[in-house]
């Protein structure tokens with residue numbers, strides 16, 4: 001029987017905090033319980049924010065916590081061609097279209113639509129307004145001319161075409177810490193025409209994560225509840241690209257004293273800063289509910 005494969009996949013755009021520590025330790029704990037493997041993946045597609053010193057910080061922080069992972073580590077920036085190939089396949093299926101809109105253009109169109117209808121414009125699960133389809137009707141010739149002229153563009157999923165190409169229902173299996181599973185229905189349509197290839201890089205989080213999980217043979221995805229809604233879109237992309245759908249577990253988020261989730265953007269205290277205050281890895285593990293007996297797992 002093939003061993004389960006787990007992965008922890010941080011982005012090197014800042015130092016890890018307690019929320020990352022919890023996710024990493026939970027992946028390790030569940031992999032140990034199921035006699036599985038633990039992978040580390042560096043999700044560094046954002047070339048403007050990711051830095052080598054932050055990547056080294058990830059290795060330092062995880063080693064300090066006592067984690068062990070298989071090598072070599074997959075760095076997404078070294079595999080852009082995998083994502084380009086996936087995007088080409090979706091384009092060949094006529095499921096992606098170029099979008100030349102700026103955020104300002106989109107927000108202005110949403111405001112006009114709201115003013116005309118008197119109703120709020122629909123939002124995606126993250127709270128962003130659904131794309132109003134400004135470039136959906138752009139002809140192939142016009143789009144090719146604009147691309148050839150060097151105009152910045154992203155590639156969006158034509159959601160209606162995608163749903164027609166791979167009819168539902170869309171489901172995935174969710175598992176809990178005790179290993180119990182249940183079938184969950186996914187609703188990718190609530191994401192609208194999502195960006196699949198960003199303007200500044202040949203992929204997006206959504207495309208790269210489903211490709212990486214498939215290419216690395218990941219069977220169990222353990223990540224925070226803030227990414228649970230994204231699974232709906234990932235299930236659709238997996239169906240379109242003929243990729244397997246892993247089992248998913250979306251854990252609760254570590255919060256600060258105000259009840260807000262920890263985040264790099266909020267300046268949440270990092271693991272490095274905890275070390276500087278002489279907080280030990282054993283104390284961090286205990287605070288997060290992980291005993292010292294699982295400090296090192298042999299993989």
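Scan the stretch 161-172 for residues that are loosely packed, with under 13 Cβ neighbours inside 10 Å and either out of contact with any helix residue (DSSP H, G or I) (no Cβ under 9 Å at 6 or more places or on another chain) or more than 26 Å from residue 225 (Cα to Cα) (or both) and the total you get is 3. Is it the case that the stretch 149-157 has a residue that's part of a helix (DSSP H, G or I), modelled with pLDDT of 95 or more, in the same structural domain as residue 195 (by TED's automatic domain parsing) and closer than 22 Å to residue 203 by Cα? No; the residues of the stretch 149-157 include none that is part of a helix (DSSP H, G or I), modelled with pLDDT of 95 or more, in the same structural domain as residue 195 (by TED's automatic domain parsing) and closer than 22 Å to residue 203 by Cα.
For residue 253, the conditions (1) touching a strand residue (DSSP E or B) at 6+ places or on another chain (Cβ under 6 Å); (2) under 25 Å from residue 289 (Cβ atoms); (3) surrounded by fewer than 19 Cβ atoms within 10 Å (Cβ to Cβ); (4) without any contact (Cβ under 8 Å) to a residue 60 or more places away in the chain are fulfilled apart from (4).
The residue that is surrounded by the fewest Cβ atoms within 10 Å (Cβ to Cβ), counting only those in the stretch 101-133 that are in contact (Cβ under 8 Å) with a residue 40 or more places away in the chain and touching a strand residue (DSSP E or B) at 6+ places or on another chain (Cβ under 8 Å), is 122. Residues that are in the same structural domain as residue 155 (by TED's automatic domain parsing), under 13 Å from the mean Cα position of the chain (by Cα) and within 30 Å of residue 137 (Cβ to Cβ) number at least 1 in the following strands (runs of 3 or more DSSP E) confined to the stretch 187-252: 195-197. Can you find a residue in the stretch 217-227 that is more than 22 Å from residue 73 (Cβ to Cβ), out of contact with any strand residue (DSSP E or B) (no Cβ under 9 Å at 6 or more places or on another chain) and touching a residue at least 12 places away in the same chain (Cβ under 8 Å)? Looking for residues that are more than 22 Å from residue 73 (Cβ to Cβ), out of contact with any strand residue (DSSP E or B) (no Cβ under 9 Å at 6 or more places or on another chain) and touching a residue at least 12 places away in the same chain (Cβ under 8 Å), one finds none in the stretch 217-227, hence no. Checking the structure you have, find out if any residue of the stretch 58-74 is within 15 Å of the chain's Cα centre (by Cα) and either free of Cβ contacts under 8 Å to residues at least 40 places away in the same chain or part of a helix (DSSP H, G or I) (or both). No. Checking each residue in the stretch 97-129 for being in contact with a helix residue (DSSP H, G or I) (Cβ under 7 Å, 6 or more places away or on another chain) and under 14 Å from residue 193 (Cβ atoms) picks out 98, 100, 121, 124, 129.
The values are calculated or read from the model by the stated rules, or taken from the named source; none is laboratory data. Quantities reported herein were computed from a predicted structural model and do not represent experimental measurements. Don't worry about glycine lacking a Cβ; one is built from the backbone with ideal geometry, like all the others, and counts go over all protein chains shown.
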